[in-house]
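First comes the structure, then the notes that go with it.
Quick note: the coordinates plus some simple rules give every number you see, no bench work behind them. Computed from a prediction, not measured in an experiment: that's the story for all the values here. Don't worry about glycine lacking a Cβ; one is built from the backbone with ideal geometry, like all the others, and counts go over all protein chains shown.
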Amino acid sequence: MTELQRLHAGHAQAVLAFELANRAYFAASVSDRGDDFFARFAERYDALLAEQEAGVCAFHVLVAEDGSVLGRFNLVDIEDHTAQLGYRVAQHVAGQGLATATVRELCAVAGARYGLRTLRAATAHANAASRKVLTKAGFVPLGPADPADLGGRPGTWYRRSVQQAYDSSRDDGFSG
């Protein structure tokens, strides 16, 4: 069984292992993070946690029973009840519906826990899997994305409204 968890300091080694194991796979569809990302991982990871603490972003990992990271699902640039969604899943679980299910779950969390109303996501035209995930998760095409935002690749912005239904007395099952 998998669990969506809010990113915390204890995830650092599992996140690094996930990024290293899937680096070539990710680079086939999104810009490579570069050697500097891995060389300065601890520093960058701490910066992510600080951004999250400041409320600018909300980072999540999909964790397997063994504690390994199967995916990263992030809400960035949170402002005016809107955020940008970004995600990536491990190659060995791609195509199994985990990305779609987790994006749907994060949409619910975005409204309930973070008070968001709208999520946006951009994906390259060449990334058919990501386009499929977004469409199945209820996102609709919004218009062209600037290729500079997608590593020089042409793409499309997508948008989805999320329900704002936070009840602090309700246990939403979200581990964080």
Using only DSSP helix segments of four residues or longer, with each worth -39500 (n - 2.57), what per-residue ellipticity at 222 nm results for the chain after dividing by its residue count and rounding to 500? -9500 deg cm²/dmol
Between F73, T118, A47, whose Cα lies farthest towards the positive end of the dipole of segment 3-161 when Lys and Arg beta carbons carry +1 and Asp and Glu beta carbons carry -1, centred on the Cα centre? T118
With 0.36 nm assigned to each residue of separation and the Cα-Cα distance removed, A101 to A27 gains 24.3 nm
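Using the Cβ atoms and a cut-off under 15 Å, what net charge is assigned to the surroundings of E51, where Lys and Arg are +1 and Asp and Glu are -1?
Residues near E51 contribute -2 overall.
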From fewest to most C-beta neighbours within 10 Å, the residues F37, F26 line up as F37, F26
Once the other residues with Cβ under 13 Å from the Cβ of A94 are scored (Lys, Arg +1; Asp, Glu -1), what is the net sum? +2
